[in-house]
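Novice: One structure follows; several queries about it will come next.
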Amino acid sequence: MRALLVTLIASGCLRGQNIYFYSDLQYDASSGNASMYAQTGADYSSQYYYDVFVYMQLNVFPEGSSQYITCQRSASNGNADAYVSCSVNVGTGTLDLELISSHEITATYYTYQFDPYCDWSCYYWHDAFRMSFLGISGEVWESNQSYFAPGPPATPVPQRQTATGQIVRRRSNRACNFPASESSLFWQWSTWYPYAAGFVGLLQGGPSFTGRTVTEELTQLLGDTCWHQGSPYAPMYIPYSSWGTWTVGTLIGENGMVIGPSYNNYGLDFVGFTDATQIGYYQQRLRAGYYPAGQCGLVYQQHMYMDGCGGLKQKYWIQGLEMYIRPYQVEAKRSSVSATR
Amino acid sequence: MCYLELSTFRLASSVLLIVVLGLPARPQEAALNREQVPRHIAYGILFHEVVVLDREANELQRQGRPAAYLLTRYQERFDLSPTDSASLRNVAAMCMPKLSALDQAAASIISAVKSEYRGKARGPGSQVPAPPPELLRLEASRKETVESCVSELEALMGRGAFAAFEARLKQHIAHHARIVPAEKSAR
C-alpha cells in the first residue's frame with residue numbers, strides 16, 4: 001500500500017490552495033531523548049480565508065509504571081503556518097511512545113441577531129470568508145423582511161466552521177524482529193492495466209509482523225531493451241513516485257479496497273506495463289524479428305525495508321523484478337514467481 | 001493509521017512520465033488518488049522542520065543534554081553522507097530567512113483583510129474580496145524561492161545523490177503528511 005498525499009484543489013473560485021497537516025517523532029533509544037514536531041500549514045491563498053491551529057501531546061507508556069502525558073503544545077495563527085516542537089527525555093527503560101497531533105483550519109464568520117427576542121430564525125448569516133471552500137454555503141435566514149440586518153441594533157455573533165484532522169505516530173524501544181526472507185505469490189491481474197500483475201509478499205521468520213510497514217527502493221539493472229531509435233514511445237522506466245509502501249496483515253486491491261486480512265503477508269504489489277498499445281507495438285516488432293533475443297523488457301532490483309518499531313527501518317530482503325514482452329506474451333516476474341498472459 | 005493508504009501501481013511505462021510532469025492524469029490514476037504533494041510544499045515542510053529541530057538541538061546542547069540524534073537525524077533518515085546532511089541543514093538555514101520575509105509580507109496583507117472583515121457589520125451578501133494580486137505574487141515568489149533553494153541543494157549534493165534523496169523525501173512526506181479533502185472536511 002502506498003501512503004499518499006492528496007493535493008487540495010478547491011472547487012470553485014479558490015485555485016491552487018494547499019492545506020496540509022504534518023507531524024514527526026524522533027526517538028533515540030540509547031539516550032531516551034524524544035523530539036517531535038507538528039505543523040498545520042497553508043499557503044497564502046488559504047491563510048487569507050482561514051486560521052490554522054495545531055496541538056500535540058506525547059503519551060508515554062513505560063513498562064511497569066503509569067502512563068503519562070508530556071510535551072503538550074499548541075499554536076494558532078491567522079496569518080501564517082502554525083507549528084509546535086518539543087524535546088524531552090523519556091528514559092531508556094522499555095516503553096512505547098504515542099505522539100498525537102490535532103490540526104485544524106477554521107473559517108470565522110458572523111451571524112447577526114437583529115431581534116433580541118427571537119431565536120434561530122432571527123439571524124442573518126454573513127458569509128464573509130466564503131465557506132464554500134469547506135463545502136458549506138452561506139444562507140440568509142430572516143424572520144421579518146422589514147428588518148434588514150446587519151446593522152444597529154443587530155449584534156454580530158461569531159461562528160466558526162472547522163475542518164480537523166488527527167495524526168498518531170508511535171515509537172517503541174521494544175525488541176523488534178525483522179523477516180528472515182520473503183517469497184511472492186501471484187494474486188491477480190489488474191483490471192485497469194491488463195499487463196500488470198498483482199503479487200502478494202509472503203514474509204518468513206515471524207512472529208507476527210502485523211501492522212508493520214514495508215517499503216521498497218528500486219535499482220534498475222537493465223533499462224528498456226524494447227526501445228529503439230525512432231520508437232514513437234519514450235524508454236520505459238519506473239519513476240520514484242511509484243515506489244510502494246504496504247502494511248503487513250491486510251491485502252489492498254488496486255481500487256484501494258481491502259481484499260482481506262492475510263497473516264504476515266502484504267500487497268498487492270503490481271508489476272508490469274501500463275500501456276497495452278505500446279505492448280502491441282513492440283510485439284509486432286518482436287514478431288518481425290527485430291529482437292534476436294526474442295524478448296525485451298526491463299529488470300529491476302527491489303530492496304525491501306521494514307519499519308524498525310522505535311528505530312530506523314531496516315533492509316531485510318533483495319529480490320528481482322522483471323518485465324518482459326515476447327511476440328505473443330507478456331511476463332511479469334517478482335522474485336522467482338512469474339505471471340504470463 | 002490516520003493517513004490515506006492505497007495500493008500502489010509500480011509499473012514501467014513511458015506514459016507515467018506524463019503524470020510526473022503534471023499533465024492531466026488518466027482516469028485510472030485519479031481513481032487511485034495518486035496525486036502527490038507539490039514539490040515546493042514538501043521542501044517547505046522539510047526546510048522548516050530542519051531549522052526548528054536544529055534549534056531544538058542547539059538548546060539541548062546548551063543544556064548539556066545529548067543532541068547528536070537530532071543533528072544526524074536526516075543523515076540516517078534519508079541515507080545521506082555527512083557532507084550531504086550538512087548541505088541540507090545549511091541550505092535550509094539559508095532558505096528559511098528568505099521564506100520568513102515573504103511570510104511576513106503576506107501576513108501583513110492577510111492580517112489587514114481579516115481585521116477589516118471580522119467583527120464588523122456589513123451589508124447582506126458582502127464577501128471578502130478575492131486575494132489581491134500582490135498576495136498571489138508573494139505566493140509565486142515563495143514557490144520560486146523554495147525551488148531555488150532546492151536547486152542549490154541539488155548542486156551541492158550532485159545529481160545522483162540528490163535523486164536518491166528526493167525519492168526518500170517523497171516517501172517520508174507521503175507517510176508523515178496529510179491533506180484534508182476540501183469538500184468533505186466541514187462538520
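Novice: Identify, by number, the condition in (1) out of contact with any Ser or Thr (no Cβ under 6 Å at 6 or more places or on another chain); (2) within 12 Å of chain B (Cβ to nearest Cβ); (3) touching a residue at least 60 places away in the same chain (Cβ under 8 Å); (4) buried (at least 16 other Cβ atoms within 10 Å of the Cβ) that residue A:254 doesn't meet.
Specialist: Condition (1) is where residue A:254 drops out.
Novice: Quick check on my filter: what residues within region B:80-117 are charged (D, E, K, R) and within 9 Å of chain A (Cβ to nearest Cβ)? Can you show your working first?
Specialist: Pass one, region B:80-117, residues charged (D, E, K, R): B:84, B:89, B:98, B:103, B:114, B:116.
Those that are charged (D, E, K, R) and within 9 Å of chain A (Cβ to nearest Cβ): B:103, B:114.
Novice: Related question: Just checking, does region A:160-169 include any residue being more than 10 Å from chain B (Cβ to nearest Cβ) and either free of Cβ contacts under 8 Å to residues at least 60 places away in the same chain or assigned to a strand (DSSP E or B) (or both)?
Specialist: Looking only at region A:160-169, we keep the residues that are more than 10 Å from chain B (Cβ to nearest Cβ), and these are A:160.
Then drop every residue that is not either free of Cβ contacts under 8 Å to residues at least 60 places away in the same chain or assigned to a strand (DSSP E or B) (or both), which leaves A:160.
Yes.
Novice: Is it the case that region A:298-305 has a residue that's over 30 Å from residue B:176 (Cβ atoms) and at pLDDT 90 or above? Talk me through it step by step, then tell me what you get.
Specialist: Residues of region A:298-305 that are over 30 Å from residue B:176 (Cβ atoms), as a first pass: A:298-299.
Next cut, at pLDDT 90 or above only: A:298-299.
Scanning region A:298-305 turns up at least one residue that is over 30 Å from residue B:176 (Cβ atoms) and at pLDDT 90 or above.
Novice: Given the residues A:222, A:202, which is the only one that is more than 10 Å from chain B (Cβ to nearest Cβ) and within 22 Å of residue A:276 (Cα to Cα)?
Specialist: On the way: A:202 fails: within 22 Å of residue A:276 (Cα to Cα).
Going through A:222, A:202 in turn, just one is more than 10 Å from chain B (Cβ to nearest Cβ) and within 22 Å of residue A:276 (Cα to Cα): A:222.
Novice: With the structure loaded, tell me whether residue A:306 is crowded, with 21+ Cβ neighbours inside 10 Å, in a strand (DSSP E or B), touching a Leu at 6+ places or on another chain (Cβ under 6 Å) and on the phi < 0 side of the Ramachandran plot or whether it fails that test.
Specialist: So residue A:306 does not fit the description; no.
Novice: I'm told residue A:267 meets every condition in (1) on the phi > 0 side of the Ramachandran plot; (2) under 21 Å from the mean Cα position of the chain (by Cα); (3) surrounded by fewer than 17 Cβ atoms within 10 Å (Cβ to Cβ); (4) not polar (S, T, N, Q) except one. Can you identify the failing condition by its number?
Specialist: (3)
Novice: Name the single residue, out of those in region B:51-79 being more than 7 Å from chain A (Cβ to nearest Cβ) and crowded, with 21+ Cβ neighbours inside 10 Å, that is modelled with the highest pLDDT.
Specialist: B:57
Novice: If you check residue A:301 against the conditions, is it farther than 23 Å from residue A:194 by Cβ, assigned to a strand (DSSP E or B) and either touching a Gly at 6+ places or on another chain (Cβ under 8 Å) or free of Cβ contacts under 8 Å to residues at least 12 places away in the same chain (or both)?
Specialist: Details: farther than 23 Å from residue A:194 by Cβ: yes; assigned to a strand (DSSP E or B): yes; either touching a Gly at 6+ places or on another chain (Cβ under 8 Å) or free of Cβ contacts under 8 Å to residues at least 12 places away in the same chain (or both): yes.
Answer is yes for this residue.
Novice: From the list A:313, A:333, which one is of a type in the set (D, E, K, R), in the same structural domain as residue A:210 (by TED's automatic domain parsing) and under 21 Å from the mean Cα position of the chain (by Cα)?
Specialist: Numbers: A:333 fails: under 21 Å from the mean Cα position of the chain (by Cα).
Testing whether each residue is of a type in the set (D, E, K, R), in the same structural domain as residue A:210 (by TED's automatic domain parsing) and under 21 Å from the mean Cα position of the chain (by Cα) leaves just A:313.
Novice: Further question: For region A:179-189, check the following and say yes or no: at least one residue is within 30 Å of residue A:49 (Cα to Cα) and outside any loop (DSSP other than H, G, I, E, B).
Specialist: Filtering region A:179-189 for residues within 30 Å of residue A:49 (Cα to Cα) gives none.
Within region A:179-189, not a single residue is within 30 Å of residue A:49 (Cα to Cα) and outside any loop (DSSP other than H, G, I, E, B).
The values are calculated or read from the model by the stated rules, or taken from the named source; none is laboratory data. In this text the structure is predicted, and so the values were computed from the model without any measurement. Note that we place each Cβ from the backbone using ideal geometry, even for glycine, and neighbour counts take in every protein chain shown.
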